[in-house]
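Here the structure comes first, spelled out in structure tokens, and everything after it is commentary.
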There are 2 protein chains.
Amino acid sequence: MLAELITIGDEILIGQIVDTNSAWMAQKLNLAGIKVKQISSVSDERQHILNALREASQRADIILITGGLGPTKDDITKKTLAEYFNVGLRTDQGALDNVKRIFSKYSSPMLETNLRQAEVLENCTTILNQNGTAPGMWIENKGKIYVSMPGVPFEMMYMMEELVIPKIKESFKLESIVHHTILTAGIGESLLADKISTVEDSLPENIGLAYLPKLGVVRLRLSGRGSDSESLKKEIAHYASRIVGLVDEFVVIEADLPLEKAILDTMSAKGLTLSTAESCTGGYIASLLTKHAGSSKVYLGGAVSYSNDLKTTMLSVSEETLYEYGAVSEETVLEMANGALANYKSDYSIAVSGIAGPDGGTEDKPVGTVWVAIAGKTKTISRKFQFGNKRAQNIERSAINALFLLHKLVKEEQA
Amino acid sequence: MLAELITIGDEILIGQIVDTNSAWMAQKLNLAGIKVKQISSVSDERQHILNALREASQRADIILITGGLGPTKDDITKKTLAEYFNVGLRTDQGALDNVKRIFSKYSSPMLETNLRQAEVLENCTTILNQNGTAPGMWIENKGKIYVSMPGVPFEMMYMMEELVIPKIKESFKLESIVHHTILTAGIGESLLADKISTVEDSLPENIGLAYLPKLGVVRLRLSGRGSDSESLKKEIAHYASRIVGLVDEFVVIEADLPLEKAILDTMSAKGLTLSTAESCTGGYIASLLTKHAGSSKVYLGGAVSYSNDLKTTMLSVSEETLYEYGAVSEETVLEMANGALANYKSDYSIAVSGIAGPDGGTEDKPVGTVWVAIAGKTKTISRKFQFGNKRAQNIERSAINALFLLHKLVKEEQA
């Protein structure tokens, strides 16, 4: 069962908005066992839309179309679909009642164009819009299913979850799809591939392995298809455990979570607390942690000690250490980690000091030199990294590597 | 001049990642005067990629392809392009040196698969990758231009900005396009449109006005096309000054800069320093500031006082205040701002305390309640915001609004 997504509207093509709808829809479809073959964003232009529909219908069984259903002149999806199917439009009573209900609720004046939003294709099943005026449409034509929905995310999401996905499941007997993600850190994609090549080479045809790298971490995703989801899960678990057996020291968690969320969950389960002492990462580690709901159970807070003075006043780094070894040194970062642990009374702390760049490097300490220290229950560890000369990457890599060191120390001490 | 973007890789089709590359590329291309006709995401599958290339080449003059250039087995872009153009591969010496340089720098063992990353199409001009091992490729074939780039955002971005866009501009004689951006904050899109409607209505046909809203800020972008860029610049400057005259109090800067960068520049020019005291934004404001090179001239550092204890120990908020008014209160946030100013010895400070959600709201203080205070030379100001129930948005809106309040106080005090 293959689907294609077509997004209609110039705002994506001029880069004004990022198309988050498609990723969300693709996730939901995959979970339901429907593979997405292609995602296309096309302009509000009749011929271009007609071509996109024709091409998609040659590749896929289900074509999901979003956007272009608004009341303004540039919204031409409906009349173009009517042309594509060679049918007329009819006013749908339910959709009309819905438009009237919404306008009366907001006491807005209703225009002729608003009433026309209740028009749908003659050959469609209307999908009522609980959150807006434009109805969705479900069309079956020559063995294919077409669904047209508004581009407004929460209007589309409601229709997909409540109506479209259930109706698709009802209409087809679908193959099961099972995904299993292994989050690794501290190892590059190629070396990882080399270490697990025996497992990769032995995968059966119905199971695929994808490498999803992102600065400092690589996600391994096993995806399988089959008729029986239980036996498929077991089969995938077997290959996952063989992979983990080969690269255990680099595995953070067997789940599709961000690194920092995996660590927060582990620490939360063990009742451990964390503080941070950040220089070159400038609050980035703190913000990674605190973007997750519930992070306050683990994360107490910390210092962004950008200036040397603040390293002394906030983290009790001695002036002698700063003078003798400099801010970017093992001595300083160890004192930062220990200072955070003592001053903020946490079980663990992360400290980072480095030269993010593009300026500030010296011969001894070029841009990209970063010291990380982790203070824990029994010891404080430190490690030097030598990254490149891109500021944003140095910050990101510093954060990911510091978090991975924290993960390893917690794992070791809490084993 | 039409372009198409093709994104190759299953991770977008299963919804694991959102395709942010395409929006970014579309923006850059539009700024250069190149219209994007279609954006397609296709799977790592030979025939599918071949079809996508064929279809795109029938519609566009320039086809930009990202993804599928990694060293692993699922990355098949290169060999599929070779098949499409019916050419072989050659090892590019520059690319090989680059791969070796990167591996020696990180002292990682280099594998056969890594060396093969230096292979490029016989018929291409190699685009060196400053940030990774996979080179980009520029191919001219039958009057069309094809560019293949890695899918890793910063690798692609560097190639686009430094090499691809300039080379496209060089290859075609493009009409002059002049853009002028006005960054506004503290006012919504509709109200802004209402206030400047007289100017918008009087724009000549060759000048367009775009509203680019993002949580808390709206960029107004005037874009003009013409043969003479100097007179075009003057014409656009005239309309820009008319717009600024109408909404001056909401204008941060007439440049396409992030809000925090505009503030850093202003404060840096005046020799002013800044510290932060963050609760619900959890280091996000600090990380926004420190991602910009040179921020250390202005930004000294600050506290991420996530727990109540740390509000007391780091920022000298009194226990009585926390007990009597709670962490999310005007009283607390004022003490946080004043504490940061005193403890971190800066000229200005930003303090934020709120309920980011999704939990932690009460009847009095529902999720989305956020207090911001700014301490300056002559006074400390505070303001309450009531945002919605989305955590990420609440953090972002809190940061943007706090930065805008800082901007206004600096402007007022330094006038």
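Contact residues in the range B:65-79 (at least 40 Å² less accessible area with all protein chains than alone, 1.4 Å probe): B:Thr72, B:Lys73, B:Asp74. For chain A, the longest principal axis of the C-alpha atoms and the axis of helix A:229-247 are separated by about 30°. Pull out a ≥ b ≥ c, the square roots of the eigenvalues of the alpha-carbon gyration tensor of the range A:176-253, then state rounded if a/c is under 1.5, prolate if not and a/b is larger than b/c, and oblate in the remaining case. Prolate, since a/c reaches 1.5 and a/b exceeds b/c. Rounded to the nearest whole Hz, the Karplus-based 3J(HN,Hα) values (6.51 cos²θ - 1.76 cosθ + 1.60, θ = phi - 60°) of the range B:306-319 follow the sequence 6, 8, 5, 3, 5, 5, 6, 6, 8, 10, 6, 6, 6, 4, with x at glycine and proline. Separation of the range B:309-379 and the range B:186-235, taken as the distance between their Cα centroids, equals 38 angstrom. Prolate is the label for chain B. Its Cα gyration tensor axes, ordered a ≥ b ≥ c, give a/c of at least 1.5 and a/b above b/c. Per-residue Karplus couplings for the range A:145-156, computed as 6.51 cos²θ - 1.76 cosθ + 1.60 with θ equal to phi - 60°, are listed in order as 10, 10, 10, 10, 9, x, x, 5, x, 6, 5, 4 Hz, Gly and Pro entered as x. If you roll a 1.4 Å probe over the protein assembly as shown with all protein chains in place, what percent of the accessible area is carbon or sulfur? Taking all protein chains in place, the protein assembly as shown shows 49 percent carbon and sulfur surface. Once you reduce the range A:115-173 and the range B:386-415 to the center of their Cα atoms, the two points are 39 Å from each other. Shape class for the range B:144-222: oblate, because the ratio a/c of the largest to smallest gyration tensor axis (alpha-carbon atoms, square roots of eigenvalues) is 1.5 or more and b/c is at least a/b. Heavy atoms of the protein chains alone define the surface here; on that basis chain B has 41 Å² accessible area per residue at 1.4 Å probe size.
The residues neighbouring B:Glu335, those whose beta-carbon lies less than 12 Å from its own, together hold a net charge of -4 under the Lys/Arg +1, Asp/Glu -1 convention.
Taking the centroid of alpha carbons for each part, the range A:268-294 and the range B:33-77 are 39 Å apart.
Accessible surface buried at the A:B interface totals approximately 5500 Å², computed with a 1.4 Å probe on protein heavy atoms. Burial of accessible area (probe 1.4 Å, heavy atoms of protein chains only) in the range A:167-189, relative to its chain alone, reaches at least 20 Å² for A:Glu189.
Can you tell me, using C-alpha contacts under 8 Å and at least 6 residues apart, the relative contact order of chain B as a whole percent? In percent, rounded to a whole number, it is 10.
Taking chain A as a Gaussian network of alpha-carbon nodes connected by springs under 10 Å, the highest mean-square fluctuation of the residues A:Val252, A:Val152, A:Val298 belongs to A:Val152. Expressed as a fraction of 2.2 N^0.38 Å, the value expected for a compact globular protein of N residues, the C-alpha radius of gyration of the range B:259-413 is 0.96.
Once backbone amide H atoms are built at 1.01 Å from N, A:Gly361 has A:Val367 as its partners under 5 Å, excluding neighbours fewer than 5 places away on the same chain. The residues of the range A:290-317 listed by number as losing at least 40 Å² of accessible area in the complex, against the isolated chain and with a 1.4 Å probe, are A:Thr290, A:Ala293, A:Leu300, A:Gly302, A:Val304, A:Tyr306, A:Leu310, A:Met314. Over the protein assembly as shown, the Kirkwood radius and the radius of gyration, each from Cα atoms, give a ratio Rg/Rh of 0.96. Note on B:Lys144/B:Tyr211: beta-carbon distance plugged into 1/(1 + (r/R0)^6) with R0 of 30 Å gives a FRET efficiency of 0.30.
The values are calculated or read from the model by the stated rules, or taken from the named source; none is laboratory data. Being a predicted model, the structure only gives us computed values, none of them experimental. With ideal geometry, Cβ positions are generated from the backbone for all residues, glycine too; neighbour counts draw on all protein chains shown. Quick note on the areas: whole protein, heavy atoms, side chains included, nothing else; ligands and nucleic acids left out. Shrake-Rupley method; radii C 1.70, N 1.55, O 1.52, S 1.80 Å.
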